[in-house]
Amino acid sequence: MTPSEASETAAGAPPAPPSALGVGMVGYAFMGAAHSQGWRTVGHVFDLPVRPTLAAICGRDATAVRAAADRHGWAAAETDWRALVARDDVQIVDICTPGDSHAEIALAALAAGKHVLCEKPLANSVAEAEEMVRAAEEAAGRGQVAMVGFNYRRVPAISYARKLIESGRLGELRHVRVTYLQDWLVDPEAPLTWRLRKEHAGSGALGDLGAHIVDLAQFLAGEPLVGVSALVETFVKERPLPGGAAAGLSADTRADGGRGAVTVDDAAVFTGRLASGALATFEATRMAAGRKNALRLEINGERGSLAFDLERLNELSFHDHTEPAPSSGFRRILVTEPEHPYLEAWWPAGHALGYEHTFVHQARDLVEAIATGTGPVPTFADGLQVQRVLAAVEDSAAKNAVYTPVPQPTD
Ligand code: SOE
């Protein structure tokens, strides 16, 4: 049982749905833009008990945050997150900042009586994540909800894959194989943005991409990882310092040519064992030339297998091993039917969805959780479980604990 499944069974009586749900979002870069789309669209697609409003957005640069507010449709702009948290028209605080401020903002928001949505990874350390879980559990007693933003759970095909596994179509699981490959750091001249600095991001590809695939593995299997063995590497040790405005994952570099040390991993490769004994393998890298946002997974069980590729996110491959061998094999399920998760509210069958819809679904699930008092999933406890796996990966890699060097011909 994952942490959120345990807490679902302990949920109390549903609260009365709130009369207003104003969102206050901290951060306005890539994730801020993605979450803005989610909040702006959700009430126009799904029938919700209460439609959220885009009350205020916050960032330190007054001109840039005002521009972001205008572009994305936020009613007000703030430059101090404490002022945003204190606003009476804000009931949900949505944290889209680098990991080093997640804990501080989430703790203040929960203490101020707000619901919280926090981007992944939940925090930069296990200790911070533990504190956030304690605060979220106390706040749950006051009817507040706290959710971590593992948006890929909200791809309809992933959500449907979980249903197939839960209903036993794969039987006992044997293998979970997940890779998440990007290539925006292949260029050694790519700037040293916050995602490459430990003090801001906590870790590199591990926390940025590894957090997603660890969460997906545990979510889909419905059980936690109980041990890992890992290697991590930083291939490019120094990069140009950023100088200008950030654009997506990049930024301008400084005119003086200054360079700084990369303090996080470029890639992490690890194996793991799930509670049931199933074996898992993971690869998270921002150094896979030609791979832009390639998240792929395959799960093999005693009765069948499932495979998914984020670059074809409306599809799921399914093999039913109980069928007669001559006619069995992987078949493509087009996950665009109204009966599939989230799709009753969208287009007629066959009309595809994309990356941004995961943020709409995330907003829908959070609003439903607030209104019904059930969930929300993934909880901060799920975020902490992922954080513990990330810490174990770093620990294993640092110790070279079970890594056995292979003698080379020249040794
Ligand atoms: C950058 O690697 C990034 O934007 C991640 O931070 C996101 O979590 C992922 O969804 C896409 O890639």
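Computed from the coordinates by the stated procedures, all read-outs in this text should not be read as laboratory data. Predicted model only: the values in this text are computed from it and were never measured. Here Cβ is always computed from backbone atoms with ideal geometry, including for glycine, and neighbour counts include all displayed protein chains.
Observations, loosely collected:
- Dividing the Cα radius of gyration of segment 61-105 by 2.2 N^0.38 Å, with N the residue count, gives 1.18.
- Radius of gyration and Dmax over the Cα atoms of segment 81-130, both given in Å: 10.4, 32
- Diffusion coefficient of segment 80-173 by Stokes-Einstein, Kirkwood radius over Cα pairs, 10 °C, 1.306 mPa s: 108 µm²/s.
- Dividing the C-alpha radius of gyration of segment 18-66 by 2.2 N^0.38 Å, with N its residue count, gives 1.23.
- Value of Rg/Rh across segment 287-328 [Cα atoms, Kirkwood radius]: 1.13
- Listed peptides 264-273, 171-180, 46-55 by packing density, highest first (mean Cβ within 10 Å): 264-273, 171-180, 46-55
- Tail weight of P(r) past 18 Å, computed on alpha-carbon pairs of segment 224-352, percent: 73
- In segment 100-151, the ratio of gyration radius to Kirkwood radius, Rg to Rh, stands at 0.92 when only Cα atoms are counted.
- Structural descriptor for segment 281-332: relative contact order 23 percent, calculated from alpha carbon pairs under 8 angstrom and at least 6 residues apart.
- Relative contact order %, the chain, counting alpha carbon pairs below 8 Å whose residues are six or more apart: 22
- Reciprocal mean inverse distance between Cα atoms of the chain - Kirkwood radius, Å: 22.1
- Rounded to the nearest 500, the 222 nm mean residue ellipticity of the chain from helices alone is -9500 deg cm²/dmol, with -39,500 (n - 2.57) taken per DSSP H run of at least 4 residues.
- Derived value for segment 277-411: Kirkwood hydrodynamic radius 19.2 Å. Basis is the mean of 1/r over every pair of different alpha-carbon atoms.
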